[in-house]
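Student: Please see the structure below; I have some questions.
What follows is calculated from the coordinates using simple rules that are stated; it is not laboratory data. For clarity, every value in this text was computed on a predicted model and none was experimentally measured. A quick note on method: Cβ atoms are made from the backbone with ideal geometry, for glycine too, and the neighbour counts reach across all protein chains shown.
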Amino acid sequence: MTVPEDALRKYRKAGKIAAEVRKETETFVREGMSIIDLCEKVESVIAKKGGKPAFPCNVSVNEIAAHYTSPPQDRRLIPENSIVKVDIGVHIDGYIADTAVTICFNPEYEPLVHTAEEALAKAIEILRPGLSISRFGSMIEKTIKNRGFKPVSNLTGHKIGRYLVHAGKALPNVSHFSFSKIDVGEIYATEPFVTVGNAAGKVQSESDTYIFRFTKQKFLQDQYAKRLLLYVQKNFHSLPFTERWLRGAVPQNHYKMAFAELLSSKSIMSYPVFVEASEKPVAQAEHTVLIVEDGCLVLT
Ligand code: MN
Ligand code: MN
C-alpha cells in the first residue's frame, strides 16, 4: 500500500509544522509559566503556520504521563524542578502529525529524558516493513532497561489514520505477544515513555478529564446540546478537543447543561489523565513516521 500523493503532501506539511512548533516550544517553556498560556501559545502557533491542532496541546508534568491540557481558567503553573512533556498534534485536512518533547528543569531527571530520546532513535532505526510488533516492543524495552530505567508498559505508539489519532495498531514499548507486522505505507506515531527503575512502570487513569472526542450521534433533549454537538462535529470531526475550544459555541448560561448532556448521552467520550502508578517522574519522546520500502521517514 502506498500513500496517495495529495495525502502525503498534507502529512508532510503537518509534520513540518509540528516539528517547527515543537522546536519553538522548547525555547519558551519556563518554570512558573502558566500552563494555560503554554497550551494556548502552542495551539495559536500551529494556526499561524497554517495547520490546525489535531488535539489539545498536552502538558503533562512529573508523574502525569499524558492527557493533561488546561481547562478554561486553569491556574496551574509549571512547577520548579519539574519534568514537562509537551505533546503537539497538527492536522492538515485530517492528515495528522503527532510529536512530543520533554523539557527538564531538574538535572536529576536528565538521564530519563536522554533515554526516552535514545529509545525513540532506536524505534526510527528499526521501523521497516515486515518488522513484527513483538520484536519492536522487545527492542525498545531493552534499550530503556539497558540504561537502568523502565518503560511505561501500558502506553504505546499508534498507527495514524485520517481524522484518527489512534487507528488500530499499537506500537508497544515493552515485549508484547503479537502476530502483527509493520506494513509499507503505514503512518505511525512512535512514543517511548520512560520512568525510573523502581517505579511501577505503568499508568493509571485519574478521574479528571480535560480532553474529549465525538463518538456517536445520539438523541439529545436540549437544543443547546444539539447545537454544541454540531459545533464539535463541524470543527473537530472525530479528533480530540477541549472545553477551552468551545467558548462562544452556545450562550454562556446554557453551556454547562448542554456539555453535561453530551457526556451523559455518550455523544462524546472523555480521555482520563494518565498518572504513573507509583507517582514517579515520566519522560516521553515522539515522532510521526511514514513506513517506506527500506525503513521509515520521520515526518516531524
Ligand atoms: Mn503525542
Ligand atoms: Mn501519540
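Student: For the chain, which cysteines have no second Cys with its Cβ under 4.7 Å from theirs?
Tutor: Among the cysteines of the chain, those whose Cβ sits 4.7 Å or more from every other are Cys104, Cys296.
Student: For region 119-229, with equal point scatterers placed on the C-alpha atoms only and solvent neglected, what are the log10 I(q)/I(0) values from the Debye formula at q = 0.11 1/Å, to two decimals?
Tutor: Evaluating at q = 0.11 Å⁻¹ gives log10 I(q)/I(0) of -0.47.
Student: Cα-based Rg (one decimal) and Dmax (whole number) for the chain, in Å?
Tutor: For the chain, the Cα radius of gyration and maximum Cα-Cα distance read 18.9, 57 Å.
Student: I need the phi-derived Karplus couplings for region 173-181: 6.51 cos²θ - 1.76 cosθ + 1.60, θ = phi - 60°, integer Hz, Gly and Pro marked x.
Tutor: Once rounded to whole Hz, the list reads 9, 9, 4, 8, 6, 7, 8, 5, 10.
Student: Straight distance only, please: which aspartates and glutamates reach the Cα of Lys181 with their own Cα at less than 15 Å, same-chain residues fewer than 8 apart left out?
Tutor: Qualifying aspartates and glutamates at Cα under 15 Å: Glu293, Asp294.
Student: Still on this structure, I have one more. Based on alpha-carbon positions alone, could you give the equivalent ellipsoid semi-axes of region 208-273 from the gyration tensor, as √(5λ), descending, whole Å?
Tutor: 16, 13, 12
Student: Could you work out how far apart the two model spin labels at Glu20 and Lys216 are, taking each label as a point 7 Å from the Cα in the direction of the beta carbon, and quote it in nm?
Tutor: Output for this residue pair reads 4.1 nm.
Student: Of Leu239, Thr288, Phe193, whose Cα points farthest to the positive end of the dipole of region 185-300 (charges on the beta-carbon: +1 Lys, Arg; -1 Asp, Glu; origin at the Cα centre)?
Tutor: Leu239
Student: Still on this structure, I have one more. For Ile160, list long-range residues whose amide hydrogen, built 1.01 Å from N in the peptide plane, is under 5 Å from its own amide hydrogen.
Tutor: Here Ala167, Ile187, Tyr188, Ala189 satisfy the definition.
Student: A further question on this structure: Report the Stokes-Einstein translational diffusion coefficient (µm² s⁻¹, integer) for region 171-300, Rh taken as the Kirkwood radius over Cα pairs, at 10 °C with viscosity 1.306 mPa s.
Tutor: 89 µm²/s
Student: Treat each spin label as a single point 7 Å out from the Cα along the C-beta direction, and report the Gln233 to Arg30 distance in nm.
Tutor: Simple spin-label model gives 4.5 nm for this pair.
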